[in-house]
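Working notes, beginning with the structure itself.
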Amino acid sequence: MPSSKPWQELSPAQVLTELGSDWSGLTESEVVARTRQYGPNRLPEPPGRSHLRRFLGQFHHVLIYVLLVAAAMTALLGHWLDTSVILAVVVLNAVIGDLQEGRAEKAMAALRTLLALQASVVRAGHRRTLASADLVPGDIVLLEAGDRVPADLRLLKSHELRVQEAILTGESVPVDKRTEPVAGDLALGDRSCMAFSGTSVVTGQATGVVVATAAETEIGRIGHLLAGVEQLTTPLVAQMQVFARWLTLFILTLAVLMLVYGHWWLDYGFADLFMAVVGLSVAAIPEGLPAVLTITLAVGVQAMARRHAIVRRLPAIETLGAVSVICSDKTGTLTRNEMNVVTVVTAARQLTVDGAGYGPDGTLMEDGRVVVADADPRLQELARVAGLCNDAELQHGNGDWRVEGDPMEGALLSFATRLGLSAGVLKQQWTRTDAIPFDTDYRYMATLHHNHQNQACVLVKGAPETLLDLCTEQRAKDLTGAPLDRVWWLAQVGAIAAQGQRVLALALRPVSAGQVVLARSDLGEGLVLLGLVGLLDPPRPEAVAAVAECRSAGIRVKMITGDHGATAQAIARAIGLEQPERVLTGVELDGLTESQLASVIPDTDVFARTSPEHKLRLVTALQARGQVIAMTGDGVNDAPALKRADIGIAMGQKGSEAAKEAAELVLADDNFASIVAAVREGRIIHDNIRKVIGWTLPTNAGEASVILLALLAGLALPVTPIQILWVNMVTAVTLGIALAFEAGETDVMQRPPRPRNQPLLTGRLVWYILLVATLFLVGVFGVYRLALAQGYSVALAQTMAMNTLVAMEVFQLLFIRNLALPRLTWRRLLGSQPVWLAVALVLVGQMALTYVPALQRVFRTEAMPLSALVLILGVGVLLFLALEGEKQLRLRLGRRGQVGQNRV
Ligand code: ATP
């Protein structure tokens, strides 16, 4: 096995030989053979819950225990029919619960695969991004800041690499890594030329070769398993579950008291009384609630994933609905991140470039004339910097050119080709000997190159302000160095940026051939500015619509970018930010006190040339103003701001692993519109949770009060215990689940965000519970008494009462779906398939119970005449009208305009 070797003691060349690999990586056929030999690079997952255990888990509820005791008692009393009904209901309930939980678990498992780790590798000479599970020993892996090391690597080349190895060594201070071999059987933390799977790259860049994968890695050996299945819950749902548990306890106590009361004072027969009390408990306890809430979350998580927003921490689902400010990056989130060099400015010339995509075809124009690039050595120099000071790779396939790496660098590669110098040729002429990777704090990248004529040069590209500070000269017409005209260049930068283009400066410095290491201090003296390029990165059309949606939803969008102020402003205008005119730069931000910042922040939407520390400061300042912040980020340094924000959002494609780990949400498509879609889903889920609660609690209260009143008053029960068991366990759960699938109300993104700490059990909900319970009492007792008065048998009267109960539940469901809408439309009333499916199911069940002779015997029901059906339907409609009337009355009584508060 390759892992058993002391890799740290061997030189890079020896390691490559041992592993049968080289700098250009493995060939595809090698990879296939090794995958067969070593398997996928995946740690064994902790064994999940087996299906049987999940099913058995469904019986682990107080209520089920109560029912099982009831089943035993009825069996002892010889009431076999009751026993079998109870047991059937228990099993049916377990099956429904099991199906729901299975769905929830599947939703979570799907999220995990969506968040699978990616790795950058070199195979057959080409750079590629692939799932880290596909790595095999011998693969060449590229690491950069923010990455999670995907396998155990022997480092071959590194630049200022520092790795946090706490997961393996417990040491939280990042360690420096080098490539020189180290002798002896050292502790993991001292193997400085190794990078271990699961550790995180804090700074720098490196290339390494995979020496061990999967269980053979150090992390695999210590048996550090992945975190288990996350519980599908949020604070609101957890709060509800605790509430449901206390309510259960309370109701069971009440039930025992009723048993005592009924037995001693009312002289009921024990068997009847016992069944009535069981019926009472079943009716009152919201047993379906936790399961329905879980499925509501699972449905929501899936809906978000479909909209490319992957939830990493579940409480985020709830917070999303309360977001009041979205702070977004620009590049790739609000814009497409499909770059193209369109402007070139040198000291002597101004050119435009015409060409689509990353292909080599494009035309250079100057004053309306086509220009031949290879005739101008200054443009050749520009092309050399663009093509060599570059980590990206262009790949051709299916008639299309694709970028592997940073799209901006891809655009520079195609620009070099359009100038007549392909990166392949350039790389053959000039070997890269060292590099300083791009870093948001410094805003430039530099590389050192040597050619065969014993010449060497440093090539630099970066933000123009930075390069203007570093350069001392500029390339003159005659190819000599002339003094830098800073003011002139800044004016050029402003002009290009004002067109919404990203401006990059390119510079070069010849150095002595003996220099093989590059440090930041080498850049100073003698750096010659060659020119500027302007890159076009158009706004995403869907971002424009999403920004408009945010406006109507009372959500402020702020752009926080590392780019130039003028570029940012032009994009801000194009996508329709509320206040694009005022731009605050990072430097200006540094000059503001906290109170000054607090006063400018509400009306500033564009922050430019910011660094990750500024993001943190902005989040904190906005939160101090009571805002709920969603903040995007991609780099390793963005992690603190993402953690601090109420909703940290990482980019799935260009984001670093460090950012993803700090985030609550990962955007699979890096698209701003997906954030807004997630907020929308968050609001819908929150609404649905409230609807589920707002439907379940009053329904339970209504059912229970029917039995309670009958017991207390010593009346005959209008609905038998067995019937109530059926209604509650089966009907209620079916109807309740429909709410989990509710599509959002039409105004979901037209109302302001809900306050962060809105309580769950509002006074309004308590009032609503009382109202519905009373109406249920009136309806059920009313129909029961009416039936008896008409001379119907008790069994028929009970059948009618039971069907009334179900009808009222159905109509309450129809009402609660539209609770927030001030005006009811037929479309709203008739919409939503899941609700009608559930209603249809319940209807079939009720009809069967009422008219199928075998079931009539079990549930002691009788066939109802048509007039009874009409009566029951009428009672349901009346309930709906009463509730809708109450809603309209309340709206009229001065709450008009605050529709958002009209929820339970
Ligand atoms: P956003 O924060 O909106 O994504 P951004 O991607 O422009 O914006 P940074 O990545 O911080 O932000 O880049 C800041 C500036 O650094 C850019 O405007 C550009 O001038 C320069 N820059 C970006 N990438 C590179 C690179 N690979 N090499 C050299 N300079 C770069």
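Each reported figure results from applying straightforward, stated rules to the coordinates on display, with no laboratory input. Small disclaimer: the values here were computed from a predicted structure and weren't measured. Cβ: placed from backbone, ideal geometry, glycine included. Neighbour counts: every protein chain shown.
Under 5 Å between amide hydrogens, built in the peptide plane, is the criterion, and for residue 559 it picks out 328, 606, 607 among residues at least 5 positions away or on other chains.
Can you tell which of 44, 143, 55 lies farthest toward the positive end of the dipole of region 26-155, using +1 and -1 charges on the Cβ of basic and acidic side chains (Lys, Arg; Asp, Glu)? Projecting each Cα onto the dipole axis, the largest value belongs to 143.
So for each of 484-494, 804-814 I average, over its residues, the number of other beta carbons within 10 Å; can you give me the resulting order with the highest mean first? Intermediate values should be presented prior to the final figure.
Working: 484-494: 15.8, 804-814: 24.8.
Put in order of decreasing packing, that is 804-814, 484-494.
Across region 855-870, rounded Karplus estimates of 3J(HN,Hα) from the backbone phi angles (6.51 cos²θ - 1.76 cosθ + 1.60, θ = phi - 60°) give 6, 4, 5, 5, 9, 6, 10, 9, 4, 9, x, 4, 4, 5, 4, 4 Hz, Gly and Pro being marked x. The lysines whose alpha-carbon is closer than 19 Å to the alpha-carbon of residue 427, local same-chain residues fewer than 8 away aside, are 157, 461. Highest mean packing first, where packing is the average number of other Cβ atoms within 10 Å per residue, the peptides 419-429, 568-578, 334-344 line up as 334-344, 568-578, 419-429. Considered as an equivalent ellipsoid built on the Cα gyration tensor, the chain has semi-axes of 67, 33, 21 Å, the largest given first. Other residues whose C-beta falls under 12 angstrom from the C-beta of residue 164 contribute a net charge of -3, scoring Lys and Arg +1 and Asp and Glu -1. Partner aspartates and glutamates whose Cα lies under 14 Å from the Cα of residue 477, excluding those fewer than 8 positions away in the same chain, are identified as 376, 381, 485. For the peptides 299-309, 119-129, the ranking by mean Cβ contacts within 10 Å, running from highest to lowest, is 299-309, 119-129. Of all aspartates and glutamates in the structure, those lying under 17 Å Cα to Cα from residue 106, and not within fewer than 8 positions of it along the same chain, are 45, 98, 230.
Once the Cβ-Cβ distance between residue 264 and residue 713 is put in as r, and R0 is 22 Å, what FRET efficiency do you end up with, to the nearest 0.05? Could the numbers behind the result be given before it?
Numbers: r = 16 Å, r/R0 = 0.73.
That pair, residue 264 with residue 713, gives E of 0.85.
The calculated 222 nm mean residue ellipticity attributable to helices in the chain amounts to -15000 deg cm²/dmol, summing -39500 (n - 2.57) over DSSP H runs of n ≥ 4 and dividing by all residues. Taking Cα atoms only, the orientation of helix 270-284 departs from the longest principal axis of the chain by about 30 degrees. Dividing the mean sequence gap of close Cα pairs (under 8 Å, 6+ apart) by how many residues the chain holds gives a relative contact order of 12 percent. Our coupling estimate for region 695-703, obtained by passing each phi through the Karplus curve with A = 6.51, B = -1.76, C = 1.60 and θ = phi - 60°, is 8, 5, 4, x, 5, 4, 4, x, 4 Hz, Gly and Pro reported as x.
Look at the dipole of region 340-536 built from charges on Cβ: of 513, 353, 435, the Cα furthest out on the positive end belongs to 513. Between residue 746 and residue 551, the simple label model (points 7 Å from Cα in the Cβ direction) yields a spacing of 2.2 nm.
Taking 7 Å steps out from each Cα toward its Cβ at residue 366 and residue 592 produces label points 4.4 nm apart.
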